[in-house]
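These notes concern the structure reproduced below.
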Amino acid sequence: MKKTLSALAVASLALFATQAVVAQEKSRAEVKKETAEANKAGQIPGAGANANAAGETSPKEKAATSTTTRADRKKTTAEANKAGEIPGADKSADTAGTMSPKEKAATSTTTREERKKVTAEANKAGDIKSGEANIPAKQK
């Protein structure tokens, strides 16, 4: 009885082992070869986004194939900004076209010596106090 049971177990084990060998998954090289062939045949949509499958191009591809120059885009953006057409730009109609403090400093007509002289006079008059926010006493 034990011999019959053992023989039956060995036979079933051999049957399952052969099925496992036959049903073994493909090797990495086989899968890569099949994928390359499918890609060449155009059966794989691009980059997993399915955008190319629908006939659309990605934003990156659109930017790469743009016919407008950078100068044209900058000009268009500046005009839209002045017209207030760009959302999130906190410029009202009153401040459109005015220079920022950084632009004002870059286009200043006063020399360094003049600024030093004005600062020295304000310091002598007591308008500048150390440790405070450099606000003249008259404005406090």
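The values are calculated or read from the model by the stated rules, or taken from the named source; none is laboratory data. Remember, it's a predicted structure, so these values are computed and weren't measured experimentally. As a convention, Cβ positions derive from the backbone with ideal geometry for all residues, glycine included, and neighbour counts pool all protein chains shown. Note: areas computed on protein heavy atoms with side chains; ligands, DNA, RNA excluded. Shrake-Rupley method; radii C 1.70, N 1.55, O 1.52, S 1.80 Å.
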Starting from residues that are exposed (fewer than 10 other Cβ atoms within 10 Å of the Cβ) and either more than 45 Å from the chain's Cα centre (by Cα) or part of a helix (DSSP H, G or I) (or both), keep the ones in region 106-132 and report whichever is modelled with the lowest pLDDT. ALA106
Please tell me if LYS26 is modelled with pLDDT of 70 or more, open to solvent by 80 Å² or more (accessible area, probe 1.4 Å) and either of a type in the set (A, V, I, L, M, F, W, C) or within 30 Å of the chain's Cα centre (by Cα) (or both). no
